[in-house]
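For reference, the structure discussed in these notes is given below.
The values are calculated or read from the model by the stated rules, or taken from the named source; none is laboratory data. What you see is a predicted model, and the numbers here were worked out from it, not measured in a lab. Cβ atoms come from the backbone with ideal geometry, glycine included; neighbour counts cover every protein chain shown. Areas reflect the complete protein model, heavy atoms only, side chains present, ligands, DNA and RNA absent. Shrake-Rupley method; radii C 1.70, N 1.55, O 1.52, S 1.80 Å.
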Amino acid sequence: MEVKRRTARLLVTRLGSVSEQTRSESLAELRLMTKNDAESRPIIAEAGAIPYLEETLYSSSHDSQDNAAAILLNISISSRDALMSTRGLLDAISHVLRHHATNSSPFAVQSSAATLHSLLIDDSYRPVIGAKRDIVYSLIEIIKRPNSPPRSVKDALKALFGIALFPLNRASLIGLGAVAALFSLVLKDGRVGIVEDATAVIAQIAGCAESEREFWKVSGVKVLEDLLDVGTGSSERVKENAVGALLNLVRCGGGGVVKQVKEMGPGAVEGVRDVVENGTAKGKSKGIELLKVVEGGAKEWDFAMNTRELPSVEC
């Protein structure tokens, strides 16, 4: 362990060298260490690497930017507190994301978005990151851009999902245009896993009072019904996400969205039943609640809405 500490201190010291080649070589070695040796990650953080890595995210060298972003991602797996306590780190990540279509390398963009997703595993960081509107805006812009690489889109969606897990972030996501961007992906993007990840974010965003109007603008309820229809061939994960989104809309919306959901077509209702029969435990529970809205339990649901006896959700 002491050898690792000495090696880490030496490499971190070299990050401050006036020689660009020395800095580049040190970055490459640190990237390999953090990739292949989990024990080295907190040691490198403790050796003072993070401020140097943060500064390197502004580099015009794509190789240096790539290496710094990859090291930060690796360190985030085990040293989230060290990253979040570094002044200016989120601003540096924002810089990379903000220039996703111009100066930033695609790999650095992907690693930076993935670092956010890793940090957002800690629920105490969700309000902090969600309050950085420049970060949220850039993530939405990445998924809106037609020629964003698939990996960039998937990493941005995972970061947006983590942000949306904190209820107070959802209105901000909606205000910055997330709903239209997400539904556009669902309707137009056939790349593997994109629809699954997009609908996961949609299901979370649906859980706030501001969602009903924005979903109405993009015919969101109809799109979610189509995803549930057994004839569309949606994956089980997509169907579970659609069920979750509709249920959250009903919980947090007004009478208009409840009426829409009650009038769901037979193909979509069959899709909900499929989730109840074959879904995960969470999916089954949500499917049962949604069926209460569209089938014989509608009166009971109306009573629950009037008395606020609903499953826990923060709208």
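Averaging Cα coordinates gives a centre for region 113-191 and one for region 239-283; these two points are 23 Å apart.
Dividing the Cα radius of gyration of region 1-99 by its Kirkwood radius returns 0.93 for Rg/Rh.
Kindly provide the helix-only [θ] at 222 nm of the chain, computed as the sum of -39,500 (n - 2.57) over DSSP H runs of four or more divided by all residues, to the nearest 500 deg cm²/dmol?
Details: 21 runs with 228 residues, N = 315.
After summing the helix terms and dividing by the residues of the chain, the value is -22000 deg cm²/dmol.
If you plug the beta carbon distance of THR232 and GLU46 into 1/(1 + (r/R0)^6) with R0 = 45 Å, you get a FRET efficiency near 0.30.
Sparse packing (at most 16 other Cβ atoms within 10 Å of the Cβ) combined with a DSSP loop state is found for the following trypsin sites (Lys or Arg not before Pro) in region 1-92: ARG87. For the chain, taking Cα atoms only, Rg and Dmax work out to 22.3, 74 Å respectively. Inter-label distance, LYS217 to ALA101: 1.8 nm, where each label sits 7 Å from its Cα along the C-beta direction.
Share of region 1-117's accessible area from carbon and sulfur, percent, 1.4 Å? Heavy-atom surface of region 1-117 belonging to carbon and sulfur, 1.4 Å probe: 49 percent.
The ratio of the alpha-carbon radius of gyration of region 9-168 to the globular-protein estimate 2.2 N^0.38 Å is 0.98. Straight-line reach from LYS154: taking Cα to Cα under 18 Å and skipping same-chain neighbours fewer than 8 places apart, the lysines in range are LYS144, LYS188.
Whole number in Å², please: accessible area per residue of region 1-59, 1.4 Å probe, ligands, DNA and RNA not counted.
Value for region 1-59: 58 Å² per residue.
Net length available on complete extension from ARG191 to GLU29 is 54.9 nm, with 0.36 nm assigned per residue and the Cα-Cα distance removed. Over region 102-167, accessible surface divided per residue gives 38 Å², non-protein components excluded, 1.4 Å probe. Per residue, region 186-259 exposes an accessible area of 39 Å² to a 1.4 Å probe, with every protein chain left in place.
Once the Cβ-Cβ distance of VAL128 and GLU39 is raised to the sixth power relative to R0 = 30 Å, the FRET efficiency obtained is 0.60.
Computing the accessible area with a 1.4 Å probe over protein heavy atoms, can you report the carbon and sulfur percentage for region 143-256?
Numbers: 2410 of 4260 Å².
Carbon and sulfur together cover 57 percent of it.
What lysines sit close enough to LYS286 to cross-link, taking a C-alpha to C-alpha distance under 17 Å and skipping anything fewer than 8 places away on the same chain? Counting by Cα, and skipping residues close in sequence, LYS286 has these lysines nearby: LYS239, LYS262.
For TYR58 and ARG145 in the same chain, what is the full-extension length gain: residue separation times 0.36 nm, less their Cα-Cα distance, in nm? Provide the component values of the computation, followed by the final result.
On the way: separation 87, 0.36 × 87 = 31.32 nm, distance 2.22 nm.
Roughly 29.1 nm would be gained on extension.
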